[in-house]
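Q: Pasting a structure below so you can have a look.
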Amino acid sequence: MRRLLFVKTSSLGDVVHNCPAVSDAARAWPEAAIDWVVEEAFADVAAMHARVRRVIPVAVRRWRGALWSARTWQEIGAFRRALRGERYDRVIDTQGLLKSALLARAARGERHGMDAASAREPLAARFYDVRHPVTKGQHAVERNRQLVAAALGVPPVAACDYGLRAEGAQPLEMPAPYAVLLTITSRADKLWPEEKWVELGRRLATDGVRVVLPWGSDEEKARAERIASGVRDAVVPRRMRVAELARLLRAAKGVAGVDTGLTHLAAALDVPAVGIYTSTQARLTGLHAGARVRNLEGADAAAVHAALADATAERAPLAGLA
């Protein structure tokens, strides 16, 4: 049995964008055991992929802030043992950063990555055994897939399959159809004005669709509560893990969100979704999942509402949005 290791550690959106490359690898090597090194905060996504055998969590972000702690070094030792416990036929770093290249270097096996002209951090290419040119200016999903096809020596495939499963009980009881509004992002320049979220929520409420506003930090919770206060019957749930949020998204009639990892996760789960882009380019990092997604730049609430109606047209429609 052949063994394959992916290194794609963060962020949430990048981890989601790596899933089609994992699916491609599983199609090319159907008998292969596939493992994945990923930041602990995003391990739920890797675990949701149907063909991932083992998730190897890493905590670089947390370890950096506690290098003096004995527990940190114990965890680093345990990670290295887990990483080096097997020899891989291919180790593929789709991240293209120095930190991910060093993680790939610590694994046993032939290490593949982007060449210096293609990687996000050119120095990373020094640590690979085999370097591949990957075309810039294309969507992140397709860059990952191009690298994997080159590393495995197979032609690229056309179909984009995220391979994700969101199984288990729903984390929130919602008696009526609901839409999830993803107002959360780590970058202020990606935010959409709160008054536009309120207008969108009111339009959905008029359609008979309740609005759910997840959050991940105190600041995001406060924003969600401000928006919810202006929308009839809007719900601000408890804080949820990524796996719980995936189940919440999967059962939604539709999702609208800024350029954040959870919006990409919704699209990957085949949920009708609208991506709202205020500062980033949809061409490079937009929702990339077929007919049920829409990407909008510089949009107002009416345009997002109309796009959500259009995206849901190929699924059981939202009340009032058909």
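The values are calculated or read from the model by the stated rules, or taken from the named source; none is laboratory data. What you are looking at is a predicted structure, and each value in this text was computed from that prediction instead of being measured. Virtual Cβ from ideal backbone geometry, glycine too; neighbours counted across all protein chains shown. Note: areas computed on protein heavy atoms with side chains; ligands, DNA, RNA excluded. Shrake-Rupley method; radii C 1.70, N 1.55, O 1.52, S 1.80 Å.
Q: Every residue in the stretch 201-223 that is outside any helix (DSSP H, G or I), small (Gly, Ala, Ser) and over 15 Å from TYR178 (Cβ atoms), please.
A: GLY216, SER217
Q: Taking the condition of being touching a helix residue (DSSP H, G or I) at 6+ places or on another chain (Cβ under 7 Å), open to solvent by less than 10 Å² (accessible area, probe 1.4 Å) and assigned to a helix (DSSP H, G or I), how many residues in the stretch 265-281 meet it?
A: 2
Q: Here's another thing I want to ask about it. Kindly establish whether LEU245 is within 28 Å of GLY163 (Cα to Cα) and in contact with a Leu (Cβ under 7 Å, 6 or more places away or on another chain).
A: yes
Q: Consider VAL91 carefully, then state whether it is surrounded by fewer than 16 Cβ atoms within 10 Å (Cβ to Cβ), over 20 Å from the mean Cα position of the chain (by Cα) and β-branched (Val, Ile, Thr).
A: no
Q: Moving on to the next point. State which residue is surrounded by the fewest Cβ atoms within 10 Å (Cβ to Cβ) when the search covers only the stretch 224-244 and only residues that are touching a residue at least 60 places away in the same chain (Cβ under 8 Å) and part of a helix (DSSP H, G or I).
A: Looking at residues that are touching a residue at least 60 places away in the same chain (Cβ under 8 Å) and part of a helix (DSSP H, G or I), I get ALA243.
Q: Select from the stretch 310-322 the residues that are open to solvent by less than 20 Å² (accessible area, probe 1.4 Å) and modelled with pLDDT of 50 or more and write down the one among them that is nearest to LEU191 (Cα to Cα).
A: Out of the qualifying residues, it is ALA311.
Q: Find the residue count for the stretch 27-60, including only residues that are part of a helix (DSSP H, G or I) and either closer than 14 Å to TYR88 by Cα or open to solvent by less than 10 Å² (accessible area, probe 1.4 Å) (or both).
A: Quick first cut of the stretch 27-60, residues part of a helix (DSSP H, G or I) only: 27-28, 40-48, 60.
From the residues that got through so far, the ones that are either closer than 14 Å to TYR88 by Cα or open to solvent by less than 10 Å² (accessible area, probe 1.4 Å) (or both) too are 45-46.
The total comes to 2.
Q: If only one of ALA267, ALA307, ALA273, ALA303 is on the phi < 0 side of the Ramachandran plot, modelled with pLDDT of 95 or more and in contact with a His (Cβ under 8 Å, 6 or more places away or on another chain), which one is it?
A: That would be ALA267, the only listed residue that is on the phi < 0 side of the Ramachandran plot, modelled with pLDDT of 95 or more and in contact with a His (Cβ under 8 Å, 6 or more places away or on another chain).
Q: Conditions first: (1) part of a strand (DSSP E or B); (2) aliphatic (A, V, I, L, M); (3) free of Cβ contacts under 8 Å to residues at least 40 places away in the same chain. ALA291 passes all but one, so which condition is the exception?
A: For ALA291, the exception is condition (1).
Q: When only residues in the stretch 139-148 that are of a type outside the set (Asp, Glu) and either without any contact (Cβ under 8 Å) to a residue 24 or more places away in the chain or not in a loop (DSSP other than H, G, I, E, B) (or both) count, which is surrounded by the fewest Cβ atoms within 10 Å (Cβ to Cβ)?
A: ALA140
Q: Taking LEU284, is it open to solvent by less than 40 Å² (accessible area, probe 1.4 Å), out of contact with any Ser or Thr (no Cβ under 7 Å at 6 or more places or on another chain) and assigned to a helix (DSSP H, G or I)? Give the steps one after another, and end with the answer.
A: Details: open to solvent by less than 40 Å² (accessible area, probe 1.4 Å): no; out of contact with any Ser or Thr (no Cβ under 7 Å at 6 or more places or on another chain): yes; assigned to a helix (DSSP H, G or I): yes.
In short, no.
Q: Right, here's the next one. ARG105: of a type outside the set (Phe, Trp, Tyr), open to solvent by 50 Å² or more (accessible area, probe 1.4 Å) and either in a helix (DSSP H, G or I) or out of contact with any Asp or Glu (no Cβ under 7 Å at 6 or more places or on another chain) (or both), yes or no? Walk me through how you get there before you give the answer.
A: Details: of a type outside the set (Phe, Trp, Tyr): yes; open to solvent by 50 Å² or more (accessible area, probe 1.4 Å): yes; either in a helix (DSSP H, G or I) or out of contact with any Asp or Glu (no Cβ under 7 Å at 6 or more places or on another chain) (or both): yes.
Considered against the rule, which asks whether it is of a type outside the set (Phe, Trp, Tyr), open to solvent by 50 Å² or more (accessible area, probe 1.4 Å) and either in a helix (DSSP H, G or I) or out of contact with any Asp or Glu (no Cβ under 7 Å at 6 or more places or on another chain) (or both), ARG105 comes out as yes.
Q: Just checking, which of ALA117, ALA158, ALA107, ALA179 is in contact (Cβ under 8 Å) with a residue 40 or more places away in the chain and over 29 Å from ALA299 (Cα atoms)?
A: Criteria check complete, one pass: ALA107.
Q: Might you check whether a residue that is in contact with a Leu (Cβ under 8 Å, 6 or more places away or on another chain), open to solvent by less than 20 Å² (accessible area, probe 1.4 Å) and in a helix (DSSP H, G or I) occurs anywhere in the stretch 61-83?
A: Scanning the stretch 61-83, I find at least one residue that is in contact with a Leu (Cβ under 8 Å, 6 or more places away or on another chain), open to solvent by less than 20 Å² (accessible area, probe 1.4 Å) and in a helix (DSSP H, G or I), so the answer is yes.
Q: Related question: Which count do you get for residues in the stretch 108-130 that are part of a helix (DSSP H, G or I) and surrounded by fewer than 16 Cβ atoms within 10 Å (Cβ to Cβ)?
A: Looking only at that region, the number is 3.
Q: Out of the residues in the stretch 149-174 meeting the condition of being touching a Pro at 6+ places or on another chain (Cβ under 9 Å) and in a helix (DSSP H, G or I), tell me which one is most open to solvent (accessible area, probe 1.4 Å).
A: ALA150
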